[in-house]
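What follows is a single structure, written as structure tokens, with notes after it.
We did not get these values from a lab; they are worked out from the coordinates using the rules stated. None of the values given here were measured: they were computed from a predicted structure. Here the Cβ is made from the backbone with ideal geometry for all residues, glycine too, and neighbour counts use every protein chain on show.
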């Protein structure tokens, strides 16, 4: 089933309003949040054609054909657009090849939330490079390629270069540079959060808010929580995030082992309920082995939580302060022991008067540049520039 969401907004004085055709084969999670958050605040007019967020491999295989036919029908009925925006889940080269001339000639922007060249797999010998090469042809077929972080852009380009060097012949010299020249960094947006009231008394409130999958390394996180409990450090724990068919055993063990500490456990169907929890926690912890942006951390910090994350992946970039290095107190050493030690220190700070040392708004200022009110006009300008790309 193809879902359409049209938004027609008047252009702001002195600006150009474009008709955007947004194509999203995987309309869920950060993909959905990105399109919804942006289009609701954009000066442009939007037609969003999307497919449900399931069976991602099938989506990457068939979405170009499915969406090309849908767009062809709408064009025959008189629909017109100025620019196409798609995510990395679309085979853009196939889509353009299957489209009518008028659609083929539209400038295209490809937004990379993730990529299938460096996205973690449980066993590297199981990686299907075909999907990574779809990402490559999408980038080549786009007029502009946007990545959600500098870390992501560098990892994708380096990973693509390594794959091409493994080819038996015709290693496509110059392809990586072509994509690099048309690429830029355009971060993911987040919803602004209200200032939180004075903290209610109680022990340190810890949050996990990530997919329940192995690449987020829940084993290290829960081992650190176990160490806190063994040291008799008082704490409360909320474990949120989306789960899938295969759930790491660590979560079921945690439900039992930490039942006396749990406040919330499981995916929050209501966005309002999720944001209410963000407004009460003291610290959000990530032990991720993979993160291209870090939206859950950015949202929690916007709601007033202290970030405790590994000093790798996109996190140093996400938490930098006006271009300066991020506070070293945000980073743990990547081991359960280092996470536990820093959580114990944060628990003491909470009891001594607060984590932000008299400036509770510091974290919110740190991620304010990612809020949609700031980011949407910038992204709108980016589309206007891309609409003039040859």
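Mind pulling up the Rg/Rh value for the stretch 204-370? Radius of gyration and Kirkwood radius, both on Cα. Display every interim value, and only then the final one.
Details: Rg = 14.8 Å, Rh = 15.9 Å.
So for the stretch 204-370, dividing Rg by the Kirkwood Rh gives 0.93.
Largest GNM mean-square fluctuation across 251, 112, 293, computed for the chain with C-alpha springs under 10 Å, falls on 251.
Helix 56-76 sits at what angle to the longest principal axis of the chain, using alpha carbons and giving 0 to 90 degrees rounded to 10? Relative to the chain, helix 56-76 is tipped by roughly 50 degrees. Helix 150-165 and the long axis of the chain differ in direction by around 60°, with both axes built from C-alpha atoms. From most to least packed by mean Cβ count within 10 Å, the peptides 197-205, 168-176 give 197-205, 168-176. Quick one: go through the stretch 138-182 and flag any residue whose amide nitrogen is under 11 Å from the point 7 Å out along the Cα-to-Cβ line of residue 19. Counting backbone N atoms under 11 Å from the label point, the list is empty.
Taking the Cα centre of each part, how many Å lie between the stretch 80-107 and the stretch 315-360? Centre-to-centre distance over Cα atoms comes out at 44 Å. Fewest-first ordering of 167, 227 by other beta carbons within 10 Å of each residue's beta carbon gives 167, 227. The slack in the chain from residue 191 to residue 312, taken as 0.36 nm per residue of separation less the alpha-carbon distance, amounts to 41.1 nm. When 90, 318 are arranged by Cβ crowding within 10 Å, least crowded first, meaning fewest neighbours, the order is 318, 90.
Enclosing the Cα atoms of the stretch 10-165 in their convex hull gives a volume equal to 125 cubic angstrom per residue. Taking a point 7 Å out from the Cα of residue 57 in the direction of its Cβ, the residues of the stretch 230-249 whose backbone N falls within less than 17 Å of it are 245-246.
Model label sites at residue 231 and residue 344, defined 7 Å from Cα along the beta-carbon direction, differ in position by 0.3 nm.
Between residue 76 and residue 362, the distance separating the two model label sites (each 7 Å from Cα on the Cα→Cβ line) works out to 6.2 nm.
Given a Förster radius of 56 Å and the C-beta distance between residue 369 and residue 169 as r, what FRET efficiency does 1/(1 + (r/R0)^6) yield to the nearest 0.05? Show your work: numbers first, answer last.
Working: r = 45 Å, r/R0 = 0.81.
Given R0 = 56 Å and the Cβ-Cβ separation, E is 0.80.
Annotation for the stretch 367-390 versus the stretch 185-226: alpha-carbon center distance of 27 Å. Scaled to the globular estimate 2.2 N^0.38 Å, the Cα spread of the chain, given as radius of gyration, is 1.04. Counted over the chain, the DSSP beta bridges are approximately 15% antiparallel.
Kindly put 208, 56 in sequence by how many other C-beta atoms sit within 10 Å of each C-beta, fewest to most.
On the way: 208 24, 56 16.
Placing the least packed residue first, the sequence is 56, 208.
In the chain, the longest principal axis of the Cα atoms and the axis of helix 372-386 are about 20 degrees apart.
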